[in-house]
Every structure is written in C-alpha cells, then in structure tokens.
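One structure below.
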Amino acid sequence: MSNAPSVVLNARAVARTISRMADEILELNDGTDRLVLVGIQRRGVQIAERLAEVIREREGVEIARGALDITLYRDDLQTVGPRPVVGKTVLPVPLDGKVVVIVDDVLYTGRTIRAALDELADFGRPARIMLAVLVDRGGRELPIQPDVVGKQVEVRKGGRVDVFVPALDGRDEVVVLGGGADA
Amino acid sequence: MSAPLVLTGGRIVDPSQGMDAIGDLLIVDGRIASVGGRITGPDGARIIDCSGTVVAPGLIDVHVHLREPGREDVETVATGAHSAAAGGFTAVAAMPNTKPVTDNQATVGFVKRQGEAAGFARVYPYGAISVGQMGETLAEFGEMVAAGAVAVSDDGKPVENSHLMRTALEYAQTFGIPVVEHCEVMSLAHGGSMHEGVISARLGLKGIPGEAEEIDVIRCILLAKLTGGHIHLCHLSTKGSVDLVRWGKDQGVNVTAEVCSHHISLTHEAVEGYNTNAKMNPPLRTQRDVEALQQGLKDGTIDLLVTDHAPHHYDEKEREFADAPNGIVGLETALGVNVTWLLEPGILTLSQLVDRMTCLPAKVFHLPGGTLAKGSIGDVTVFDPSREWTVDPARFKSKGRNTPYGGRKLRGQAVRTIVGGRIVYELNG
Amino acid sequence: MTILGKDLIGLAGLTREQITAILDVAEPLKEISERAIKKVPTLRGMTVVNLFFEASTRTRISFEFAEKRMSADTVNVAAAASSVSKGETLVDTARNLEAMRIDMVVVRHPGSGAARFLAERIESNVINAGDGTHEHPTQGLLDLLTLRDRLGSLEGKRICIVGDVLHSRVARSNIWGLQAMGAEVAVCGPRSLLPNAIREMGVQVFDRVEAAIEWADALNVLRLQLERMQLGYIPSLREYNRVFGVTRARLERAPRDLLILHPGPMNRGVEIDSDVADGPHSVILHQVTNGVAVRMAVLYLLAGNKASLADVAKGGPA
C-alpha cells in the first residue's frame, strides 16, 4: 500500500498552495520592497516564476528573479554522475541589501540549501535570506528550516517526492513514491 | 672433448645437402661424423632421442649487438651468447658499435675471446668500416680480420661518404669479407622515430620515409657494381629496397641482403600507444612492405634472416617515444617469429627457412657451419616447429627485456642447441 | 566516474557525446568568470600541479585561472625538458610529485605521447596541455566551443586549418574534435608543412588559401613557428605571408562571412594580418575567454575519477 505512488497535491492544490505561499512571502517581507526570488535549478526556478506571477496579479509589481545552479557548490564531488548537467546561475540584480527568497521544490536534507547559501554569499550581502519550499519532506541533516512551506509531507528515507511542473514535465502535481508516511 | 653424441629419430633438414629425412646424426670430437639413416654410436656415446623434432645445422645470426665492451649493464658477450643459444643459434656475428668502437685488432680479439670464454654460441666479431665509426678514415681491415673479424660495418649508422664506401668495397676484396651497410640517408631520416605514414601523422611523431633507406640501397648497389666488391645490405625494411636488390642481382652485382624477423612480422601499427618496444631503426613499416619482404625472402632476393638483437636497459625504453632508443631483443624469439610468420602460412618451406637461417648466412659470410655434411663442425640446432609457447621476457637469458612480442603466442622453439658437439642449451634443461 | 574517465589525453577517440558533454558543462561555467567573486568551491582541497616542460604563458595561465576559479590549490612546476637528459626522467618527476599527494597533473611536454605515458604510470588525473606535435585537447575544445557559440551546431560546417599542420598539436586536436562533431575539415598550407598522409586522416587539402577561403565557414589560422624557416621548411616569412597569409584583401573576396580563429600567440603580418586579427570576423579573444571555461569543465569532469592502483600500468622491470 504505502509503496504505491500517491498524489499529495494535484494541479488545483498546487495552484492554491503557491498562491498561499506568495501571500506568506509578502506578509513576511511586509510587501514587495527589495524582494528578489531566487529559484534553485531546475524546478525551484519554475516555482519562483509562478510565485512571481501570483505576486504580479496581487500587487501589480514585477518581482526581480534569479536562478541558482548549486552543482558546483555541492559537497559530494565523488558522486558526480556519468553525464553531469550544470545549469545556469543568473542573478540579474545586485543582492546587497536585498531580501532574497530562495525557492525550491522539495526540502529534504538541507544540503542543497547550504550550497545555495554559499553560492549566494559569493554574489553579495543580502539584508535577509528566506527560504520558501513547495514541499518539506523532513529528514534534515543540517540545521536549516524553511520560512514558507507549501505542504508538509512525512516521507521515509528511501522514499521519493516528485514535483512535476508543466514547463518541464507537462503535468502539474506532487507525487510521493515508495515512502509512505511513517507509521 | 665431450662424449660422442647420437641424435636419433629426428627429421634431419639440411638444405646444404638437399637432405630432408628422418634419421640419426653422430657427432664425434666436435665434428659431424655421420648423418642420415640408422646410426649406432660408439661405446660411451650419449644418445638423445630427437623424434618429433627437426635436426638442422646450427642457426646463425649475422646481425646482433652484444654491447660489450662499454654497456655491460645492458648485455655482455656472455649473456648475449647465452641468449643466442637459448634461441637455437649456434653462432652470432657481433656488430662493432661498442664503446669503444670495435675498430681495431685488440677490441676484435677481446670480443672473440669473451665469446670463447662464455662457451655458448660462437661469437664472430665485426670490425668497423671507419675509425670510431666516424665515417672519415678506413679502419684496419687486415689487422681486424687477422684477429677474427668476419665482416666490416658501421652499423648503427650509414657510411655517408660515398668515396669512403667505394674505398671500403675495394679494399675489403683483399680479405674476402663483405662490407655491410646500414642503409639510411641521415639528412632524410633526421629526427624521425617511426615509419612516415598515417600513424606517424596521427601520433605526431616525425616519420622516416622508406626512401631514406632505398636511396642508400641503390647507392651501395651502384658502388658495388662499380668496384666489384661484395656489399651486404642490413635489415631491409621496404618493398622498394627489395625491388632495388632484385635489380642489382639481375645486373650481376655482388649484393646480398638480410631482413629482420620483426620486419617480416610486424607493421607500424605496433607503435600505436607510443609503444617504445616497437621502436627500431629501420622502423616497422606497412603491411605492403611486410609482404614484399616475405616474398623477397621466398624468391631469394633477400638472402637471409637476422635479428638485429639490440638489448636496452628497461629505463631507457621507459620514456617518451622520440627519446627512447631504437631496437629490440630478438635472439630468443626469432625462431618462433619466423616459424609463425613464414613457415606456418606457407611462405617458406621448412628447408627454405633453415636455409635462410643457417646455410645462407654461413655462405654469405664465409663462416664454418651451415651444414651437417660429414666432417663439418658439430653445430646443430634441434627445434620443434609445432611447439606453441608464450613469450615471457622475464625468462630471457638476455639482459634485455625490450620486445614487442611479450605475451604473444608463437609456434616453433629450440629444444637443444649444440655447439662443437657440446650441448650449450636445453629447453627445460 | 564521469563520461571522461581518468585523463584527457586527446580528442582522438572521443565520441560526439563525450565532447558535447564537456562543451555543455563549459557553457554555464562561462558565467563564473563574469562574477565579482570569480570562484566556486567545487575543487576545494584538491591539488593540481601544472607540470610544464615547455615554456607556455597562455596555456598555463588559462589553466591556472580555471583551477583557481574552481578553488583547487595549484602548484606550477616549470621543469626544463633538458633535466630529463640530466638524469631525472619524466616518470620520476611525476612520481615524486605524486608522492607529495596530489590529485591532478596538467602536463605540457615537447615529446609526442608524453601525456599518455604519464597517465599510464600515475594515479592522478592527467590533462594534456600539449604534447609535442601530437595533441592539445583543451585548445581543440575551446575552438569547438567558440565555433559552436557562433555557428550553432557544427554538423556539416566547413572548417579549414591554415598553416603548419605538420608540427601542430592544435591542428590534430581540431581535426579529430571537428570530425567527431560532424564538421567537414580541410587544411591549407605549403605541402612542406602538411603531413604526407594527411588525406588519410579524412581531410581535404587546399594548396591555395584563396580556395580555402572560398570553401570555408571558418578558418583556424595556426601560428607559424619562426624556426621552421631556419629548418628549411619554407624560404621566408615574407613569402609565407604573400602566399598563405590571411589578409583582409583575401577575406573580402569570401562568398560568406568567415570566422577567424587563431590559437595564439599571433605573428601579425606573417600568418595573419592585424586588420584581420582585430577585425569583425575575428573570434580570437572569445577563444581565450572560452579557454578558461573549457578547462574548468575538464577539471570538473575529471575530478574524482580515480584509477585504482591495478589500473595504472606500472613501469619497471618485468
């Protein structure tokens, strides 16, 4: 039972969740001032786009966005695959004094975010860095906590959370695989 | 003097007498006493069963480098002669590019005595053509011949000065010795480290065109024609050289020629991967050249087979290709290589192979041996042409390990080597 | 293990997939050199030795930038190749370095095959920074990246290498790299500076640079080593420029816009005229910029690909 893929968010639920996350970001930041959304390649970038869309609708403001590829900041060089893909890092505005929201699809061990923090530090000194994730599946290995969470899911070690986004996958849902909730 | 030897039941192959038959062979007092048919030896004779093997006149390699004097760390006359015996050779002729150069009677005599003291294969010294092999002044052929030299050569390099070569060909006639030329036009070969072709182009190594050899081949043939002297051309490697020698012989020029076992078996493809054990001068060439050399050997254009045995210290080969020295060891693989590449595919018959490895070398260089005729010296090689073995350089008697055949399976191996009636080598002995 | 294996010795034998992988990794790495802090921590703790037996300012500096931008620790060893003749061999030099626990060796050596020789004998990753007249794979890769930037796909594109192909490791790496990527390759130069067997390598030969210009989408103009004249391969630099020089006048007659590449350092007025080198068709500085990215990509793709001791052919007595 618990090993069967189960949809934890369908398309409508994803839309609702992202809408709520946008609200929370605006609340935490008290508006759109100095706000920069930085998505982590590749699905974090897609989610940041959708957050920016919601904010544009709500506030009529175009939020600055960036993309971060953390491949070169990983701490596990020995496990580089046979054909590694390095994505682009694009930060179109200086980050000094900004409120940067790191956006990712799934938060798990926290190592990706650690790498992202390292990489951001190479681009300047933001006033504040926040973390927004669509899914928090627990299982942290580092003292990192999100500020904004779309959905909390408990997934066992060995289980998988797949976030599908329309632009890359042609479907829009979040699926938990082979993990099931901890009993 | 060792006890009389009777070799029984072997296939006696002696082209010098047109003999190829199962029979016995008796050696008494270091000489062939009787050959063919059933022989009952005298009392006290040692009887060796040779059935299933070939009994041939002792193999002779007229082109080896034994490195002594000068590079005894690499090879000595004794280790080289031991290596020869292990390869089935009962006699070798040692090139004079030693340090100092073997260009005088003292050094010639030294090499000869070292060979006698070692007691393996017979060692015939070469003398240099020019003093110090510098290509300037003629060395004392007469003195060297008196001390035991069987031929003269500046091998390792050519005699570039055509006047000197002409003089050598004239002067050598007094002593009845061949003048032996390493055919290479240095200005054309300069800096090259392998055959010039698509592989050298790919590997980024400067190539040596076949013409660098062929131009010297025709020059020497023409000078022999001019002088009536006997020119013997070393280690020919190209089809063009075979064609030129064929022309020379047709013209009645006193020209003889040799080919190395590696040039009838390997091509420049062996160099791939910058294999320094496939680096030699002249270089390994193309399949077309290999086939022409095999045919030249078959039709008699090329007289005989040699090894150009050239041991090097492993350190010297363990380096960048262009800086590595030329040459490979060959005495212990030659018979196997020649059987595998010439006899097995039917290019040469067994008699022809024996002819080109002993009878013709003896004839061209006026050496004793090369025959099992009654009364001739008791130099005999017993070999098994169908025995398969794997080349393991670590087991070589030579100090050199530099061979491109390491790990290869060959067919044909010496079983016993007998020099002057004395067994100097026995396989697994 | 990544797709590249332990070493990068040459482009000969690399597949299109492998070369594409390197170029695809290099592409995003270009941005790192545009940052204020031009550094990523990827190779932190790794020691790279730049072992140069031949003077080379450009290639060494490019590698050094690449290594530093990837946070590797770098040591430059300028060994005279002549020290080899003084006794210490290439393999001794390398084994000594390795005994000090290094991770990678970038080697430049005047002997063809030297990089491969080294790679077969040490455990560290080896990157060939030019071996004799054999290969200079990172130069080939940066040329490919530059061409890809400008031409899109290399499939069916016509590239002519002009000059001293005989002595050029850049030419060989280019030929194999371009062929792997589906480009058509030609060479042009005096026959005395082309390998005799060049056609067997699947390239066209142009005797006249005008014909090459008419044919090509890009020219890769090789540096003419000045010593070639002393060695008798060509009569004079002046005549070389007159017959084979890539000049504006010649380019103006080209039927299409040509890209002009040059591996540097240039002999202005010999193989290439200044107004071409500095002109609108020149991508020469773009090549230099791409050189750093390509080398970063190669470092990244090799790092961590270690040979086990058993894989390393051990030299020594049999």
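A short reminder: the numbers here are calculations on the coordinates, not readings from a lab. Keep in mind that this is a model prediction, so the values were computed, not measured. Because the Cβ atoms are built from the backbone with ideal geometry, glycine has one as well, and the counts that use them run over all protein chains shown.
Once phi is turned into ³J(HN,Hα) by the Karplus curve 6.51 cos²θ - 1.76 cosθ + 1.60 with θ = phi - 60°, what whole-Hz value does each residue of region C:259-264 show in order, with x for glycine and proline? For region C:259-264, the Karplus-derived couplings read 8, 10, 10, 8, x, x Hz, x marking Gly and Pro.
The aspartates and glutamates within cross-link reach of B:K112, meaning a Cα-to-Cα straight distance under 12 Å and a gap of 8 or more places when in the same chain, are B:E68. Peptide C:106-118 has a mean of 5 when you count, residue by residue, the C-beta atoms of other protein chains within 10 Å of its C-beta.
Among B:E318, A:E27, the order by Cβ neighbours within 10 angstrom, fewest to most, reads A:E27, B:E318. Only helices enter the 222 nm calculation for chain B: every DSSP H run of n ≥ 4 contributes -39,500 (n - 2.57), and dividing by all residues gives -7000 deg cm²/dmol, rounded to 500.
For the protein assembly as shown, the dipole from Cβ point charges (+1 on Lys and Arg, -1 on Asp and Glu) about the Cα centre works out to 780 debye, to the nearest 20.
Under a Gaussian network description of chain A, with springs only between Cα atoms under 10 Å, the residue in A:A15, A:A115, A:A127 that fluctuates furthest is A:A127. DSSP assigns beta bridges within region B:56-364; of those with both partners inside it, close to 5 percent run antiparallel.
Which Cα, out of B:L297, B:L343, C:G177, lies furthest along the positive dipole direction of the protein assembly as shown (beta carbon charges, K/R +1, D/E -1)? Working it through, the farthest residue towards the positive pole turns out to be C:G177. Remark: region A:6-177 carries a charge dipole of roughly 440 debye about the Cα centre, counting +1 on each Lys and Arg Cβ and -1 on each Asp and Glu Cβ. The charge dipole of chain B, taken about its Cα centre with unit charges on the Cβ of Lys, Arg, Asp and Glu (plus for the first two, minus for the last two), comes to roughly 740 debye.
Relative protection proxy for B:263-270, B:353-360, from highest mean packing down: B:353-360, B:263-270 (other beta-carbon atoms within 10 angstrom). Applying 1/(1 + (r/R0)^6) with R0 = 60 Å to the Cβ-Cβ distance of B:A394 and C:S274, what FRET efficiency is obtained, to the nearest 0.05? Calculated value: 0.45.
For chain C, adding -39500 (n - 2.57) for each run of n ≥ 4 DSSP H residues and dividing by the number of residues yields -11000 deg cm²/dmol at 222 nm.
As a proxy for reagent exposure, ranking B:I48, B:I328, B:I215 by other Cβ atoms within 10 Å from fewest up yields B:I215, B:I48, B:I328.
Shielding value for A:79-89 is 6, the average number of Cβ atoms from other chains within 10 Å of each residue's Cβ.
Across the cross-link table entries B:K99/B:K317; C:K6/C:K157; B:K298/B:K399; B:K279/B:K399, which are compared at the Cα atoms, the separations over 24 Å belong to C:K6/C:K157; B:K298/B:K399. Ordering of B:49-57, C:126-134 by packing is C:126-134, B:49-57, highest average first (other Cβ atoms within 10 Å, averaged per residue). In sequence order, region B:284-300 has phi-based couplings of 5, 10, 8, 4, 4, 5, 4, 5, 5, 5, 4, 5, x, 5, 5, 8, x Hz under the Karplus curve 6.51 cos²θ - 1.76 cosθ + 1.60, θ = phi - 60°, and Gly or Pro positions carry x.
Near B:P42: Cβ cut-off under 14 Å, other residues only, Lys/Arg at +1 and Asp/Glu at -1. The net charge is -1. As a rough footprinting exposure proxy, the listed residues A:E119, C:E120 were ranked by other beta carbons within 10 Å of their own, and the order from fewest upward is C:E120, A:E119.
Report, for region A:6-177, the % of DSSP beta bridges that are antiparallel, rounded to 5. Roughly 30 percent of the DSSP beta bridges within region A:6-177 come out antiparallel. If both residues of a DSSP beta bridge must be in chain C, then about 5% of such bridges are antiparallel. Helix-derived [θ] at 222 nm for chain A: sum -39500 (n - 2.57) over DSSP H runs of at least 4, divide by residue count, nearest 500? The helix contribution divided over chain A gives -9000 deg cm²/dmol.
The C-alpha atoms of chain C define a longest principal axis, and helix C:90-99 lies at about 50 degrees to it. Averaging the sequence gap over all C-alpha pairs within less than 8 Å and six or more residues apart, then dividing by the number of residues, gives chain B a relative contact order of 20 percent. How tilted is helix B:77-86 with respect to the longest principal axis of chain B? Cα atoms for both, answer in degrees (0 to 90, nearest 10). The angle comes out near 60 degrees.
When the Cα positions of C:A26, B:L226, B:H268 are compared along the charge dipole of the protein assembly as shown, C:A26 comes out farthest toward the positive end, with charges on each C-beta of Lys, Arg, Asp and Glu.
Once backbone amide H atoms are built at 1.01 Å from N, B:I47 has B:V6 as its partners under 5 Å, excluding neighbours fewer than 5 places away on the same chain.
Over region C:137-288, Cα pairs under 8 Å with separation of 6+ residues give a relative contact order of 24 percent.
Other protein chain C-beta atoms within 10 Å of residue C-beta, averaged over B:173-182: 0.
Other residues with beta-carbon under 12 Å from the beta-carbon of C:N241 carry, at +1 per Lys or Arg and -1 per Asp or Glu, a net charge of +1.
Under the rule of at least 5 residues apart or a separate chain, name every residue whose amide H is placed under 5 Å from the amide H of C:L8. Those lying under 5 Å, H to H, from C:L8 are C:V126, C:I127, C:N128.
Each residue of region C:201-206 is assigned a 3J(HN,Hα), and the resulting list reads 8, x, 10, 7, 10, 10 Hz, derived from the Karplus form 6.51 cos²θ - 1.76 cosθ + 1.60 (θ = phi - 60°), x at Gly and Pro.
The relative contact order of region A:6-177 comes to 25 percent, based on Cα pairs under 8 Å that sit 6 or more residues apart. Legend: translational diffusion of region B:56-364 by Stokes-Einstein, Rh = Kirkwood radius over C-alpha pairs, 25 °C, 0.890 mPa s; D = 129 µm²/s.
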